1. Could you please report the charge total around PRO55, scoring K, R as +1 and D, E as -1 over all other residues with beta-carbon less than 15 angstrom from its beta-carbon?
2. Measure off 7 Å from each Cα along the Cα-to-Cβ vector at LEU182 and THR278, then give the distance between these two points in nanometres to one decimal.
Amino acid sequence: MKYLRPLFALLAVFAVFALLAGDADARPRSSMGSRGTRTFSAPPPTATAPNAAAPINRTMTQPGTTSTAARPPVSQPGGLFGGFGRGLAGGLLGGLLGAGLIGMLMGNGFLGGLAGFASILGLLLQIGLIVVVGMLIFRWWQRRSQPQPAYAGMPRDADVQQRTALGGFGGGGAAAPATEPLEIKPEDFDTFERLLGEIQTGYGREDLSALRSRLTPEMLSYYAEELSENASRGVVNEISDVKLLQGDLAEAWREGDKEYASVAMRYALKDRYVDRATGKAADGTDALQEATEVWTFTRVRGGNWLLSAIQQAQ
């Protein structure tokens, strides 16, 4: 036992240093946000980020649900319309039998209540016509109320065929909006570089007002949550001297009126935690650090670019 105590103490020291090393890179390190229909697919590798980006593990985008999930149950006999066995025809035949029985009770015989055999034949013919028409209407309503199964036969038009070929998040779900390549211009790359610095420094200043005009509501909620956690711990995550070192486009596309661009960026920054009360360094270093991430920006057509996702380069 006397040899185990020094060993445990040494392991505890190593654990403390490991935690400090993990916290030295203080900025948000999770892969979070949304990339439209490509949220659950990795952006292509680039020269800046040659390895696959980490999959997004925090997102408000849900995989597509099948169309049958929201389909109302088909009415069975005895349900909404009572079924034709116990519904319209059953009621009329029951009324016919009741009329005959009433005739017998009144002394006019079984057929007396229906004014003779000819009246019965005429009534049966009318009942048959009503039943046939009712069945045709009911079958037409059933076909209208049941959605067509996905991928059953050829699409009805070229637009549906294109959406099906591009695919959604799973068979049987609603077709994803058609996507098309998007050209990214030099001024867009300048905007991405500017947003990189403004978002990181805004986070370091805990300036949610500045972040609100540069992030999607989803990303703003994640940043606000992390700033709240820092406040609870009594620290401030200071970020400064952000500088883009290298960057290139991974992919860019358009979905309806939404445009997306995923950009791999390697950048330098100063990143540390300081005590909220004293301003003294808690974790991190004043030395420049480097990080490589894939940032996805989105905008409505002709609007301003907003950060919609961050993925760590593996």
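Just so you know, all these numbers are worked out from the coordinates, no wet-lab data involved. On a predicted model such as this, the values are computed, not experimentally measured, just so you know. Every residue, glycine among them, receives a Cβ derived from its backbone with ideal geometry; neighbour counts consider all protein chains shown.
1. With Lys, Arg at +1 and Asp, Glu at -1, the neighbours total +3.
2. Calculated label separation equals 4.7 nm.
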